[in-house]
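What follows is a set of notes on a single structure, which appears directly below.
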Amino acid sequence: MRGAAPRLEPPTLDEIRAARDRIAGVAVRTPLLRLPPHPDEPEVWLKLETLQPIGSFKIRGAGNALALAPPASLTRGVFTASAGNMAQGVAWCARAAGLDCTVVVPDTAPRAKLNAVERLGARIVPVPFERWWRVLVERRFEGLDGYFVHPVSDPAVIAGNATIGLEILEDLPDAATVLVPYGGGGLSSGIASALRAAGARAATFACEVETATPFVASLAAGAPSTITYRKSFVDGIGSGGVLEEMWPLVSTLLAGSCVVTLEDVAAAIRALVSRARVVAEGAGASSLAAALAGRGAAGPGGAPVALPSGPIVCVISGGNIDAARLAAVLEGRVPD
């Protein structure tokens, strides 16, 4: 039977605070650090989710989802569909709870992330990218009957992600803009929910790479849309479309989407290493790429939107990059 997508509402402030308490022993409170300034650059701050135990923010949502799962539903283990980071988050939490874990991964997933998943004891089921996307839409996979943790459109996952927004607001109350890598919208909508619920003035923008811009296409169309996904070294964000159940959240909570080039992302990775001593994967660096490119964003109807004046927070969502790709970037190249 096809799994039914939940009706999603933004998590409340009480739900986000409860999620923060719930995952306190799993996820760490990551620092917000100023990027050493250069002339003619905006004031940029880095929310370093690269410092989570799995090198990615995904442990927040995975931890909250499994903590809230009915115990009886976990008797046959858990599974998720992920290009690597949510796979690690679910595998980490499943191992801590003594649960079997299976991960359906797309054929675009990088080996560094797959190795990390296997080290955590999870079983990997590789499938073509299009089949993997169907798992996200249908919320099921033939032969797997464990508890499914959706990497994007799970209320508990979104509430876990939203804890990042509370931390940003506590550390930088006058933030004007928060830039968030956009994979499926679970991270960006969670952070935007927290900021809005807490009364912050900051506007939240998605960040997409030019090879996969489903949110920009959907903003232009005014409805969830599909695109042709092109594989690139930026593997942690981008997909073939916006999930229908996510559209009401992302279309109302996010101020727009900043589209960056592969060259922008590579330059941002180099900047993080040379100026902040931070290693980020392509998806994680897309937020800084948007801040440094300074092109603004696309808003509803595709209209151009300028970023608000003031401090910019870039969520550096993950640091799980293959060594060969990192070496290529540091040499000044854009990896295949």
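Odds and ends about this structure:
- Carbon + sulfur, % of accessible area of the chain - ligands and nucleic acids excluded, 1.4 Å: 53 percent
- Relative contact order for the chain: 21 percent, from Cα pairs under 8 Å spaced at least 6 residues apart, divided by residue count.
- DSSP assigns beta bridges within the range 73-172; of those with both partners inside it, close to 10 percent run antiparallel.
- Only helical runs count toward this figure. For the chain, summing -39,500 (n - 2.57) over DSSP H runs of n ≥ 4 and dividing by all residues gives -11500 deg cm²/dmol at 222 nm.
- Share antiparallel - DSSP beta bridges, the chain, percent rounded to 5: 25 percent
- Accessible surface, per residue, of the chain when the full set of protein chains is kept, probe 1.4 Å, Å²: 39 Å²
- Electrostatic dipole magnitude of the chain [Cβ: Lys, Arg +1; Asp, Glu -1; Cα centre; debye, to 20]: 520 debye
- Dividing the Cα radius of gyration of the range 17-150 by its Kirkwood radius returns 1.05 for Rg/Rh.
- Principal axis analysis of the Cα atoms in the chain yields extents of 56, 43, 40 Å, listed in decreasing size.
- Cα-based helix-to-principal-axis angle, 58-68 vs the chain, degrees rounded to 10: 40 degrees
- From the C-alpha gyration tensor of the range 196-310, square roots of 5λ in Å: 23, 18, 12
- When only alpha carbons are used to place a centre, the range 148-176 and the range 299-336 end up 19 Å from one another.
- Degrees separating the helix 262-271 axis from the principal Cα axis of the chain, which is the longest one: 80 degrees
- Within-15-Å neighbourhood charge of Gly332 [Cβ basis; K, R +1; D, E -1]: -1
- Degrees between helix 13-22 axis and first principal axis of the chain (Cα, 0 to 90, nearest 10): 60 degrees
- Projecting the Cα atoms of Ala221, Val152, Ala203 onto the charge dipole of the chain, computed from C-beta unit charges around the Cα centre, puts Val152 farthest toward the positive end.
- Two-decimal log10 I(q)/I(0) for the range 148-258, as the Debye equation yields it once each C-alpha is a single scatterer, q = 0.09, 0.11 Å⁻¹: -0.22, -0.32
- The phi torsions of the range 228-236, fed into the Karplus equation with coefficients 6.51, -1.76 and 1.60 and a -60° offset, translate into couplings of 8, 7, 10, 5, 8, 6, 8, 8, x Hz, rounded to whole numbers, with Gly and Pro shown as x.
- Annotation: amide H of Val127 within the under-5 Å range of Val105, Asp107, sequence separation 5 or more or interchain, hydrogens built in the peptide plane.
- Computed over the range 88-196, the P(r) tail beyond 23 angstrom holds 39 percent of alpha carbon pairs.
The values are calculated or read from the model by the stated rules, or taken from the named source; none is laboratory data. Values in this document were obtained by computation on a predicted structure and should not be read as measured data. Using ideal geometry, Cβ is built from the backbone for each residue, glycine included, and neighbour counts are taken over all protein chains shown. These accessible areas exclude ligands, DNA and RNA; they are computed on the full protein's heavy atoms, side chains included. Shrake-Rupley method; radii C 1.70, N 1.55, O 1.52, S 1.80 Å.
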